[in-house]
1. List, largest first, the extents of the alpha carbons of region 54-98 along their principal axes, each in whole Å.
2. Return a whole-number percent for the relative contact order of region 170-229, with Cα pairs under 8 Å and 6 or more residues apart as the contact set.
3. How do Trp240, Trp145 stack up against each other in accessible area, from largest to smallest, with a 1.4 angstrom probe?
4. Taking the solvent-accessible surface of protein heavy atoms with a 1.4 Å probe, what is the per residue accessible area of region 268-332 in Å²?
5. Can you tell me the FRET efficiency between Leu13 and Ala337 if r is taken as the Cβ-Cβ distance and R0 is 35 Å, rounded to the nearest 0.05?
6. As a test of reading the structure, rank Ser281, Ser83 by solvent-accessible area (1.4 Å probe, protein chains only), most first.
7. Limiting things to C-alpha atoms, what are the Rg and the maximum Cα-Cα separation (Dmax) for region 69-126, in angstroms?
8. Hey, for a label at Thr86 modelled as a point 7 Å past Cα toward Cβ, could you say which residues of region 16-59 have their backbone N under 20 Å away?
Amino acid sequence: MGDRQWRPTLARLGYNLIIHLLIPAAILHFLWRSRREAGYRRHLGERLALGAPPPPLPDLWIHAVSLGEMRVAGTLLRALAASRPTLRLLLTTVTPAGRTEAERMRAQGLPLEVRYLPLDSPVLMRRFITRVRPRVLVLIETELWPNLLRQGHLAGLPVVLVNARLSPALRATYRRFRLLYGPLLGTIEWIAAQGPGDAREFRDLGAGRVEVTGNLKFDLPPVPPAPALERAQLASGQLWLAGSTHPGEEALVLDVHHRLQATGRGARIQLLLAPRHPARSSEVIALARAEGFSVIARSAIGTAGTSADVIVLDTLGELAALYALADAAFVGGSLVAQGGQNPLEPIAAGCPVVIGPDTRNFADMIEQLRDAGALLQVADADDLLQALERLLGDPGAGRAQVARAREVVAANSGATAHTLQLLEPLLPGPQDATGHTTRALHDAR
């Protein structure tokens, strides 16, 4: 065998050696993180492919790494449940936030089982796939774990990648490790890419069938029911919401809030500050107090309401609905070098959006919205202050911005239907989705 033929095998062996050496460190990492976020300690055995397989065994396995991808999975799951209500579904994730969202969807009536994905060891992945025996595996966006792909391929499990995208950082990573990822990408049944640029990158890296289906995030779910918090419980005046903020960003947001309150426009302005990870809420509360604000945690607000300057969101599952209470929203991860978060959630809630300069995670989406005048993109905290003053001072401008945003969303919708059309040939027929014949044939594959 020539040197070129050996290289992918050597790359895979090197990766597996590193993974096995890192497993103890990963378990210690989860235990360390659990000091602040208890979810990292729960179900720890699932990280090692321990525990009983889900009852019943699934027809379809969907994997979404964390909260954002889990919401994309929810869009697909709702459509699947409507078209194939008898499908047996398994949903896996990596983070406690992703698991909380998955369990929330299950509580709302979606027929699914929830598990953590095992660590990417060949032994653990083989054990998990052998015990679960799914019919199809759907990966959301960029979850390309080498042993997950390889063991799925060896087990004859069709693997598809939906809403696929490649950020600049991931493009560089996959190119650097082309010897490892190239052969694995070639085993994927098909890839549904968000845009032509993503499709081209996947083909260049070695993927076979790649189709452009659009971005599932544009197929917005219905706005969630109103949260327990109501506008009447807030101080009279105006409310702006800083959502999904990251470390270093809250200080900038609080400084902007100081200056907004000092503008003297005659209206009381409150800030609802929602860190990307609610486990950081105590840290953010302490920061706001140190800046001289009166502060309250969202969970501490009673029926009498609050007049605090700053409300810090310390709960999960409410942010989408809380956007509907706000007069303007800043979407975080964009004033610091985090690539930005998804701006469509506040748009769905009818809230005008401001976003910072770093939006590489959603570059194509932001470009469309910005060019249509459907959001305001700012360069820094000074620009953020000016944008908020404009939106809070002219509600009509905010309503017009939301209307333009919804036009952009409508023009880009349809990715869910296209993705389901691609997925349809891999799913069990309606007549065998609940019977034993499909499982017997699948087991004999």
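1. Taking the Cα atoms of region 54-98, the three principal extents are 27, 22, 10 Å.
2. On the way: 58 pairs, mean separation 19.4, N = 60.
With pairs under 8 Å counted, the relative contact order is 32 percent.
3. Trp145, Trp240
4. Details: 2240 Å² over 65 residues.
For region 268-332, the per-residue accessible area is 34 Å².
5. Values: r = 35 Å, r/R0 = 0.99.
Plugging the Cβ-Cβ distance into 1/(1 + (r/R0)^6) gives 0.50.
6. Numbers: Ser281 15, Ser83 70 Å².
Accessible-area ranking of Ser281, Ser83, largest first: Ser83, Ser281.
7. Computed over the Cα atoms of region 69-126, radius of gyration and Dmax are 12.2, 36 Å.
8. 55-59
The values are calculated or read from the model by the stated rules, or taken from the named source; none is laboratory data. Quantities reported herein were computed from a predicted structural model and do not represent experimental measurements. Methodologically, a virtual Cβ is constructed for each residue, glycine included, from the backbone with ideal geometry; neighbour enumeration extends over all protein chains shown. With ligands, DNA and RNA removed, areas are computed over all heavy atoms of the protein, side chains included. Shrake-Rupley method; radii C 1.70, N 1.55, O 1.52, S 1.80 Å.
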